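**Student:** Below is one structure. I have some questions about it.
Every number here is computed from the coordinates shown, using simple stated rules; none is lab data. A quick note: this is a predicted structure, and the numbers were derived from the prediction, not measured. Here the Cβ positions follow ideal geometry from the backbone for every residue, glycine too, while neighbour counts run over all protein chains shown.
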Amino acid sequence: MGRMNSTLKVGVSAISKNISPFNIYSCDYEICRALFPPLFKMSKEGHLLPNIIEQWEINDCDNEYLLVLRKDIYFHNGRKALARDIEFSLCRGMMKGARSTFSELLSDIEGYEEVSQTNRYVPNMCSGIEVFDDYRLKIKLKHLNLLFLKYFTRSALSIVPREEFLENDLWVWKDSPIGVGAYCYESLSEDSKVLTLKKNEDYFEERIDSFDKLQFVVYTDVSQVDLLSEAENQTENEFEILKSPISVTIALEYFVLHDEDKMWKELRCLINLAINKEDLLSSIPKSERSIYSPAHSFLPETILDMPDNEEELTNFNFQAAKENYLLKWGYIPQLSIIVYNNYSEHSHLREMQNKLYQLLSAKGFDVVKTELSSLNESLLDTQQHILVSSSSFNYNDPEDLSLFFSSDKEIYRANTETLIHIRGLLKDAKKEININKRNNMYRKVEELVIENSLVFPIALTYESYLFRKSKMDGKSFFDQFYQPAYEYIKPLTLETM
C-alpha cells in the first residue's frame, strides 16, 4: 500500500540561521541531528558503533586513536568528505566561537591550547591531529581519557566543509548549512519560522521508508506539528508520549558568579528550604505527570547505588532560617529566574520556570525574571540566578557530568574551592580504569554538589517526545542509544493504519 504525506513537521522553539557543530543550543538539537550525523553511533548497551568513521584503533596506552573515514561520505554540496575535513572540524571546535560546553570535550587533545587562541585554520595546526591520507588520521591526547571516543556520538561534534564558511568567520555560512547528514537544506521561510530539509539522495546509508522531507516549525500550537522534542501541556488525543530509553534529571541549577561564595552558598540553601518539589511539579497536568518521579540525586543511575532516603528539607523551619540569614548577612539578594528562550513556550520546563517564580515570590523573596537565549550572556552579579534545567546528568555514560562543572562561560563561571575540587575529581575520573574507584569519585562529586547547593534535584524523567499517532511509526523512533535518528523514522503506510 502507498505511503501517506511524506513530510514530517517537527516543532522547535527557534531556528538558528548559522546552526553548525560546536555552536548549537537546545533549540537546535533536532535540526542538527538531521543535518550533521555523529562520527560514531552507540548501541543501547553503550558500545561504540561505526557511522562516519568505519574503523578505529586505540594504542596500548589508550591515548592515541587511529580513525578511518568511510569512502562514500559526501557533503551536501557534492564534495567527498576527507580526513582533512575531520581535522578542520576539530580545530574549528577548539577555536573562539565554539560553545564552551563542546569545546571543553576536545581539551585533552595535544595542542588544544595553541589552537584555542586563534580563529584562523591552517592544515596541520594542531600537534595532536595527524592526517595520513584522504581517509586516515590520528588523534593524540595529552593523557588517558577512557571516554573520549564516546563524545563523538553527538551530532554537535560532527564534520563540516571549510569552503562553505566565510573566509574571515568560521561561524557564518556563505549560504546555507552544509553537512553530510541524511537530510539537506531546501529552504527557509521569509519569516524564519519554517525550515524545510529534503532527503539527501547521496547519504551513505540506505533509508527505505524514511520521510521525504522534514519541516522544522516555530509553532504556536501543537496542531501545527507532528512531533515535539519536549513534552508539553496538551490536550489532543491525537498525540502520544514517547519515552527515550535514557532518563534525565529535572533540577534547579544555581549560577555561581563569585569566587568568594559563602553568602551565596547559604542563600542557595535557603532557597532550597523554600521549595516543595510537588508544588513545582503541580504546573504539569496530572495526565502527563506519570513520566516524572521524585529525584534525590543527579548521579547517573548506572553508578547510583544508594537508597532514595533524602532528608526532606521541608522538615526545617524556613522562616527561622530566613531570619537567621538576615541577622548574619543583613539582606537577601534579589533572585533571578532564568527564562530560557530555547525552551518552547508551552513546554513543561517553561511551565516550571513560571511556577518557581510564583513559589519564591509567595515566600517573600524579591524575584525577577531574566530572559536568555544563551547561557553565556552577561548577568548581574548582585542577583542569584536560577535555571530550571533538564540535564543529561543521568545519561548512561557519566562523562556528561564534566559538561556541567567545567570552567566555562555558562552556569558555573566562578573558581570557588569547591568547583576547583569538583573539576579535578572529574578530570581524574576520566583517566581511572577501575570502575569502582571512578564511581567513588562521582559520589564524592555529588556530595560536594549537594553540600554546596549547586544543584537541587527535582524529578527524574525521560527525554520524551510527543508524536502524532496518525503520522509516524513510534516503534521506529529510537534506533540509536538515547537520541532519535531521523533517517530511521518511518511514516505510517495505509496498510499499518
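**Student:** Among the DSSP beta bridges whose two residues both lie in the chain, what percent are antiparallel, rounded to the nearest 5?
**Tutor:** Working: 55 of 75 bridges.
Here the antiparallel bridges make up roughly 75 percent for the chain.
**Student:** Alpha carbon centre of the range 340-394 versus the range 186-203: separation in Å?
**Tutor:** So the separation of the two Cα centres works out to 32 Å.
**Student:** Another one. Over 32 Å between Cα atoms: which of 17/286; 355/437; 44/430 fall into that group?
**Tutor:** Details: 17/286 37 Å; 355/437 40 Å; 44/430 21 Å.
Result: 17/286; 355/437 exceed 32 Å.
**Student:** Using the 10 angstrom Cβ neighbour count as an exposure proxy, how do 331, 412, 219 rank, fewest first? Don't jump to the answer; show the numbers that get you there.
**Tutor:** Numbers: 331 9, 412 23, 219 20.
Exposure proxy ranking, most exposed first: 331, 219, 412.
**Student:** How much length is gained on full extension from residue 259 to residue 475, taking 0.36 nm per residue of separation minus their Cα-Cα distance?
**Tutor:** Numbers: separation 216, 0.36 × 216 = 77.76 nm, distance 4.88 nm.
Gain on stretching residue 259 to residue 475: 72.9 nm.
**Student:** Pick out, in residue order, every one of the GluC sites (Glu not before Pro) in the range 1-92 that is DSSP loop and has at most 13 other C-beta atoms within 10 Å; say none if there are none. Write out the running numbers ahead of the final one.
**Tutor:** Details: sites: 30, 45, 54, 57, 64, 87; in loops: 45.
Passing sites in the range 1-92 are 45.
**Student:** For the chain, what is the charge dipole size about the Cα centre, in debye to the nearest 20, if Lys and Arg each add +1 at the Cβ and Asp and Glu each add -1 at the Cβ?
**Tutor:** Working: 56 positive and 77 negative charges, 46 e Å.
The dipole of the chain has a size of about 220 debye.
**Student:** Give, rounded to the nearest 20 debye, the magnitude of the charge dipole that the range 112-193 has about its Cα centre when Lys and Arg contribute +1 at Cβ and Asp and Glu contribute -1 at Cβ.
**Tutor:** Details: 10 positive and 13 negative charges, 124 e Å.
With Lys and Arg at +1 and Asp and Glu at -1, about 600 debye.
**Student:** Within 10 Å, Cβ to Cβ, of residue 67, how many net charges do the neighbouring residues add up to if Lys/Arg are +1 and Asp/Glu are -1? Please report the intermediate quantities before stating the final value.
**Tutor:** Numbers: positive: 136, 138; negative: 54, 57.
Its environment carries a net charge of 0.
**Student:** Using θ = phi - 60° and the Karplus relation 6.51 cos²θ - 1.76 cosθ + 1.60, list the HN-Hα couplings for the range 167-182 in order, rounded to whole Hz, with x at every Gly or Pro.
**Tutor:** Each residue's phi maps through the Karplus curve to give 4, 9, 8, 7, 10, 10, 6, 5, 9, 10, x, 10, x, 10, x, 5 Hz.
**Student:** Run the numbers on the chain and let me know its relative contact order in percent, using alpha-carbon pairs under 8 Å that are six or more apart. It would help to have the intermediate numbers written out before the result.
**Tutor:** On the way: 974 pairs, mean separation 114.8, N = 497.
This gives 23 percent for the chain.
**Student:** What ratio of Cα Rg to 2.2 N^0.38 Å holds for the chain?
**Tutor:** Values: Rg = 23.0 Å, N = 497, 2.2 N^0.38 = 23.3 Å.
Here the Cα radius of gyration is 0.99 times the empirical estimate.
**Student:** Next up: Starting with the highest mean, order 17-28, 123-134 by the number of other Cβ atoms within 10 Å, averaged over the residues of each peptide.
**Tutor:** Details: 17-28: 20.8, 123-134: 16.0.
By packing density, highest mean first, the sequence is 17-28, 123-134.
**Student:** Okay, next question. Let a ≥ b ≥ c be the square roots of the eigenvalues of the Cα gyration tensor of the range 26-173; is it rounded (a/c under 1.5), or, if not, prolate (a/b larger than b/c) or oblate? Working shown, then result.
**Tutor:** Working: a/c = 1.29, a/b = 1.11, b/c = 1.16.
Rounded, since a/c falls under 1.5.
**Student:** Explain nothing, just the number: relative contact order of the range 26-173, from Cα pairs under 8 Å at least 6 residues apart, as a whole percent.
**Tutor:** RCO, the range 26-173: 29 percent.
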